[in-house]
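Some notes on the structure that comes next.
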Amino acid sequence: MTDETIYGHEDTLKMLDALFREEGEWWDQFYADKNKGIPFFKDQPDENLVEYFDTGCITPGKTLELGCGGGRNAVYLAKQGCSVDAADISRAAIDWGTDRAATHQVKVNFSCCSIFELELEPASYDLIYDSGCLHHIYPHRRASYLELVDRMLKPGGYFGLTCFAAGSMGAEITDWEVYRQRSMRGGLGYTEEKLKTIFSGLELIRFRRMRETAPGEELFGEAFLWTALFRKKAV
Ligand SMILES: C[S@@+](CC[C@H](N)C(=O)[O-])C[C@H]1O[C@@H](n2cnc3c(N)ncnc32)[C@H](O)[C@@H]1O
C-alpha cells in the first residue's frame, strides 16, 4: 500500500503504473480459455530460438525467460539442457507453464511476479530471453528493463528478443501518446531503428523478421515479429 507520496524514482514509476490497467488480472483473463486459437498458445518454441541452438550460436547454460506465458520456450530451453528460471505476472500463465513442464518431465523454476520484482543473482545468466513481453512494457519501465537485462547477464551472455514489428503489428504511437491515451492499445510496434537504438549498449549478433512457419512444422513463427539476438560485451 502506498500513501501516494513520491519520495524517489521507484515511487514515480509506481505512480505511472497505476495510471494503467492491472496487468496480472488482465493477463489472467487472457489465459482463461486456452483453446481460443491464439498462435502462441500452441506448445511450440520460437523458430529463431531453435535456430540459435541448432546452429550452435547458443549453447545450454543458465537461462532466464521474461514474460514466459504458458512456458512453451522455457520448456524447450529446459529440454536443451539449460537450467531455466522463468517469470510471468499472470498466475494463470505460470500454472499453465508448471503443468507443461510436468508433462514434458523437465524442471523449470517459475516465478509469478512482475519482472521488475525478480530477486535473482546478478551477472549469473548465459541467456535472457523475451518472446513478446517487451512490447507490453510501459515506456516508463523501459530503462528498468534495460537495467535488468544488463545486471543479470554474465559478461558475454546473450539476450534474445521477439517483438512486434511496427507497420505489421502493434500500436504506432509515440511514448508520450501512451500517457495521453493511458493505453498502449494492445502493445507497441517497434521499428528496427528504435530497437537497435534501445539495445545499443549490447553487441548486435542477429536481427531479422521471424520466419512464418508452415503448419506441421511444430515451431512458432509469425512474420509480424522482429527477432533479435544481442550479446553483453565480455570484459
Ligand atoms: C504476448 S505474451 C507472451 C507469452 C510467452 N512469452 C509466449 O510467447 O508464449 C506476453 C506475456 O508477458 C507477460 N507480462 C507482461 N508484463 C509483464 C511484467 N511486467 N512482468 C512479467 N510478465 C509480464 C504477460 O503476462 C504475458 O504472459
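The values are calculated or read from the model by the stated rules, or taken from the named source; none is laboratory data. Only a predicted model underlies this, so the values are computations on that prediction, with no experimental measurement involved. So basically every Cβ, Gly included, is an ideal-geometry build from the backbone, and we count neighbours across all protein chains shown. Heads up: the accessible areas ignore ligands, DNA and RNA and are worked out on the full protein's heavy atoms, side chains in. Shrake-Rupley method; radii C 1.70, N 1.55, O 1.52, S 1.80 Å.
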- Task: Considering each residue of region 67-80, count those that are within 11 Å of Leu127 (Cβ to Cβ) and not polar (S, T, N, Q), and give that number.
- Result: 1
- Item | Tally, over region 22-58, of residues that are away from the ligand (no atom under 11 Å from the Cβ) and touching a residue at least 60 places away in the same chain (Cβ under 8 Å) | 8
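Can you pull out the residues in region 117-133 that are in contact (Cβ under 8 Å) with a residue 60 or more places away in the chain and within 14 Å of the chain's Cα centre (by Cα)?
Leu127, Ile128, Tyr129, Asp130, Ser131, Gly132, Cys133
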- Item | Subset tally (residues that are hydroxyl-bearing (Ser, Thr, Tyr), open to solvent by 10 Å² or more (accessible area, probe 1.4 Å) and within 14 Å of the ligand (Cβ to nearest atom)) for region 128-175 | 3
- Exception for Glu218 within (1) open to solvent by less than 60 Å² (accessible area, probe 1.4 Å); (2) touching a residue at least 60 places away in the same chain (Cβ under 8 Å); (3) of a type outside the set (Val, Ile, Thr); (4) part of a loop (DSSP other than H, G, I, E, B) falls at (1)
- Go through the residues of region 70-87 one by one and say whether even a single one is at positive phi and within 10 Å of the ligand (Cβ to nearest atom). yes
